[in-house]
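Worksheet: the structure to be examined is printed underneath.
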Amino acid sequence: MNTELHEISPKAAWEMVKNDPRTVLIDVRSSMEYLFVGHPKGAVHVPWIDEPDWDINPHFTTDVRKLMLGGLSCDKEDGCVPVILICRSGKRSREAGEVLVENGLKNIYNIDEGFEGELDDDHHRSTVGGWRFHGLPWEQC
């Protein structure tokens, strides 16, 4: 079983979501980002760092385990449920994913480009990478 954090592209992540209905896509950005910037269709929101204090969520692993039926989401036949994490550019989700792995969760993936990707030369996002850049399904309120 995958006991380390794996990096995955936005397109590969979307293929995994489409092809394995067990896959859970978790958006770890703040509530404001998730609601107003937008998020991948079907993503569940579990913030890693959120307003008002911008502290790391001390219940993050527990919140993810709750989504994963208490973390008991592995079996001999199918392995562990894939958990894919996304943030703005892949940095916060990588940090959150490392914590999940350290706490014993398996089959954890980080979307390396995030939702909006890195800044371009004009300090704009979604122009050189990210979920939206690749035209993958997303929504906002």
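Any idea which of (1) in a loop (DSSP other than H, G, I, E, B); (2) in contact (Cβ under 8 Å) with a residue 12 or more places away in the chain is the one D53 doesn't satisfy?
Condition (2) is where D53 drops out.
Restricting region 34-45 to residues that are closer than 25 Å to N103 by Cβ and in a loop (DSSP other than H, G, I, E, B), which is modelled with the highest pLDDT?
Per the criteria, the residue is A43.
Every residue, every condition in (1) basic (K, R); (2) part of a loop (DSSP other than H, G, I, E, B); (3) over 20 Å from E98 (Cβ atoms), yes or no:
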{"position": "K18", "(1), (2), (3)": "yes, no, yes"}
{"position": "I26", "(1), (2), (3)": "no, no, no"}
{"position": "M32", "(1), (2), (3)": "no, no, yes"}
{"position": "D63", "(1), (2), (3)": "no, no, no"}
{"position": "K66", "(1), (2), (3)": "yes, no, no"}
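Would you check if there is a residue in region 76-92 being open to solvent by 60 Å² or more (accessible area, probe 1.4 Å), among the polar types (S, T, N, Q) and not in a helix (DSSP H, G or I)?
no
Considering only region 57-65, I want to know if a residue exists there that is touching a residue at least 60 places away in the same chain (Cβ under 8 Å), more than 19 Å from H134 (Cβ to Cβ) and open to solvent by less than 10 Å² (accessible area, probe 1.4 Å).
The answer is no, given that none of the residues of region 57-65 is touching a residue at least 60 places away in the same chain (Cβ under 8 Å), more than 19 Å from H134 (Cβ to Cβ) and open to solvent by less than 10 Å² (accessible area, probe 1.4 Å).
Tell me the residue from E51, E4, E15 that is within 16 Å of G114 (Cα to Cα), acidic (D, E) and either at pLDDT 95 or above or open to solvent by 30 Å² or more (accessible area, probe 1.4 Å) (or both), please.
After applying the criteria, what remains is E15.
For region 80-116, name all the residues that are touching a Lys or Arg at 6+ places or on another chain (Cβ under 6 Å) and at pLDDT below 95.
Result: C80, V81.
Could you grab me the full set of residues in region 20-43 that are open to solvent by 50 Å² or more (accessible area, probe 1.4 Å) and either under 12 Å from the mean Cα position of the chain (by Cα) or over 21 Å from L105 (Cα atoms) (or both)?
Those that are open to solvent by 50 Å² or more (accessible area, probe 1.4 Å) and either under 12 Å from the mean Cα position of the chain (by Cα) or over 21 Å from L105 (Cα atoms) (or both): M32, L35, F36, K41, G42.
Please pick out the residue among G97, G117 that is surrounded by 18 or more Cβ atoms within 10 Å (Cβ to Cβ), assigned to a loop (DSSP other than H, G, I, E, B) and touching a residue at least 24 places away in the same chain (Cβ under 8 Å).
Only one candidate qualifies: G117.
Report, ordered by the first and then the second residue, all pairs with beta carbons closer than 6 Å, sequence separation of six or more or different chains, a first member in region 8-21 that is touching a residue at least 60 places away in the same chain (Cβ under 8 Å), and a second member that is of a type in the set (F, W, Y).
Close Cβ pairs satisfying both conditions: I8/Y109; P10/W131.
The values are calculated or read from the model by the stated rules, or taken from the named source; none is laboratory data. Computed from a prediction, not measured in an experiment: that's the story for all the values here. Every residue, glycine among them, receives a Cβ derived from its backbone with ideal geometry; neighbour counts consider all protein chains shown. Each accessible area value is taken on the protein alone, full model and side chains, heavy atoms only, with ligands, DNA and RNA left out. Shrake-Rupley method; radii C 1.70, N 1.55, O 1.52, S 1.80 Å.
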